[in-house]
Amino acid sequence: MPVKHSVAHLLQNRTVHRAVLENGIVILTVENPAADIVAGRIFVQAGGRYESPEQAGLSHLMASVITKGTDRLSSQEIAERVESVGASLGADAASDYCLMSLKTVSADFAEMLELMAEIMRSPSFPTAEVELERRLTLQGIRSMQEQPFSIANSQLRQMMYQNHPYALPSLGTEETASQLTQADLQRYHATYFRPENLVFSIVGRIASEEAIGLVDRFFGDWQPLQLNAPVPPPHLPTLMPYPDRVVTVQETQQAIVMLGYLAVAVNSPDHMALKLLNTYLGNGLSSRLFVELREKRGLAYEVSAFYPTRADVSHFVAYMGTAPENAAIALEGLRHEVDRLRTTPLTDDELQSTKNKLLGQYALGKQTNAQIAQIFGWYETLGLGIDFDERFQQQVADVTVEIAQEVADRYFIEPYVSLVGSEKAAELAAKAAI
């Protein structure tokens, strides 16, 4: 077997094997005989951050069409092969990667991996399927334009990220999605779907040697069309923070209010403190936003915060859905709670409780073979290494009350503000003291 490099790590009672084939494919395997299931995740270092503004939504369209035909098989034939053994096979696209996923009983894994190889190596992107998925994408874009949360989130990202690819929605815009063609998909596939740009993560009732051997059998002879042409890096402009406010008037039953702050990528030393602050502020029914603004003050229909893991500059957002007449005090309430993270340190008990919640949720996210495959493949794709699974827990433990407050003071200075609501809500929000 032409394996260039292979190593095994024992992580929390799991042995994770990492191998690199001669053509550059990285393979991660974890043997888990508890259930007769094998889950595979194939990460492609592509996604939204590699798109030009003129082709926003290209990754999403590619993921929608890639399983709809190969040089030999039609969409119907692919579907019949997958369904005949009760397996699942799909594709997805995100900001920082494209993803091929596979789940089947162990006896059928080789057959399904061979099918996946054909789909990934020789997709045909049938014109009729491209047109159908493009129409469905445009319907999805128009539907999102009617949803207050989607509008608020979209205009917030556009304010914060400016010309950065993260500014654009994953589906693209009506203008960009309507112009994408079969030729665009073929160029995208040839550019990014190449062995040195892939991470395979396989977990389940299969020996590591067998899993690596099957990947080598079906993918080991794959060579990029242009051997000497490296994968082009994404064009990522330097962001210049310029907090602003955008209001969209829409006659809805509730107003959506969002505060956004530019944050850091996953490889920053401040990442884990921000994860804990997000958990404390807006994660669940015991979070401070929920308790203070919904339970005590009755301001919110919904209230939360999010801080997505990103390969590049991320964002920290606190948001609330509220009655239009409460738009101004909702803005002030959100700003007050975020500012408190800067001015008032968490108690030791609050921080420890938040750590327990984050670690508990992290553990619950690693129960199934598919979840484990997702996590290890994602860490490898981000360049964090498979041992980040252990370092995650240590990094959580290392965050102190002082560090949490210092990080909050560094990032939560002046927010970007996004609001979607009635004209009355807009008028009231304009008077908010933030």
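Values in this text are rule-based calculations from the coordinates and carry no lab data. If you're wondering where the values come from, they're calculated on a predicted model, not measured in any experiment. Counting neighbours? That spans all protein chains shown, and the Cβs are built from the backbone with ideal geometry, glycine included.
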Near LYS355, which aspartates and glutamates are there with a Cα under 13 Å away, not counting those fewer than 8 places off in the same chain? ASP398
Could you pull the Cα extents of the chain along its three principal axes, largest to smallest, in whole Å? 65, 49, 40
Given the options SER201, TYR50, VAL266, identify the residue whose Cα lies farthest towards the positive end of the charge dipole of the chain (+1 on Cβ of Lys, Arg; -1 on Cβ of Asp, Glu). VAL266
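Rounded to the nearest 0.05, what FRET efficiency is calculated for GLU295 and GLN147 with R0 set to 25 Å and r the Cβ-Cβ distance? If you can, show how the numbers build up before the last one.
Values: r = 26 Å, r/R0 = 1.03.
With a Förster radius of 25 Å, E is 0.45.
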Modelled label-to-label distance, SER106 and LEU132, 7 Å Cα→beta-carbon offset: nm? 3.6
Can you give the helix-only mean residue ellipticity at 222 nm for the chain, where every DSSP H stretch with n ≥ 4 adds -39500 (n - 2.57) and the sum goes over all residues, rounded to the nearest 500 deg cm²/dmol? -13000 deg cm²/dmol
Relative to 2.2 N^0.38 Å, what does the C-alpha radius of gyration of segment 3-219 come to as a ratio? Two decimals please. 1.09
I need to check one value: relative contact order of the chain, counting alpha carbon pairs closer than 8 Å and at least 6 residues apart, in percent. 21
Mind grabbing the base-10 log of I(q)/I(0) for segment 145-293 at q = 0.20 Å⁻¹? Debye formula, identical points on the C-alpha positions, no solvent, two decimal places. -1.30
Anyone know which of ARG41, ARG294, ARG410 comes out most mobile in the 10 Å Cα GNM of the chain? ARG410
So how much slack lies between GLU174 and ASP387, counting 0.36 nm per residue of separation and subtracting their Cα-Cα distance, in nm? 72.5 nm
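Could you list VAL3, VAL85 in order of exposure, starting from the residue whose Cβ has the fewest other Cβ atoms within 10 Å?
Values: VAL3 17, VAL85 14.
Ordered from fewest to most neighbouring Cβ atoms within 10 Å, VAL3, VAL85 come out as VAL85, VAL3.
Dividing the Cα convex hull volume of segment 70-146 by residue count, how many Å³ per residue is that? Write down the numbers at each step before the final one.
On the way: hull volume 9.2 nm³, N = 77.
Dividing the Cα hull volume of segment 70-146 by its residues yields 119 Å³.
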In vacuo Debye scattering of segment 245-430, one point per C-alpha: log10 I(q)/I(0) at q = 0.12 Å⁻¹? -0.62
Who wins for biggest fluctuation among SER286, SER59, SER124 in a Gaussian network model of the chain, springs between alpha carbons below 10 Å? SER286
Residues in segment 296-327 that a label on THR344 would reach, taking backbone N under 14 Å of a point 7 Å out along Cα→Cβ: 296-297
Could you list ARG194, ARG72 in order of exposure, starting from the residue whose Cβ has the fewest other Cβ atoms within 10 Å? ARG72, ARG194
What distance in nm separates the two pseudo spin-label positions at LEU364 and GLN223, each 7 Å out from Cα along the beta-carbon direction? 5.0
Could you list, in their original order, any pairs among LYS103/LYS357; LYS103/LYS366; LYS275/LYS366; LYS275/LYS357 whose Cα atoms are separated by more than 22 Å? LYS103/LYS357
Out of PRO169, PRO241, PRO233, a Gaussian network model of the chain with alpha-carbon springs under 10 Å gives the largest mean-square fluctuation to PRO233
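I need THR29, THR70 ordered by Cβ neighbour count within 10 Å, fewest first. Please report the intermediate quantities before stating the final value.
Numbers: THR29 28, THR70 22.
In order of increasing Cβ crowding within 10 Å: THR70, THR29.
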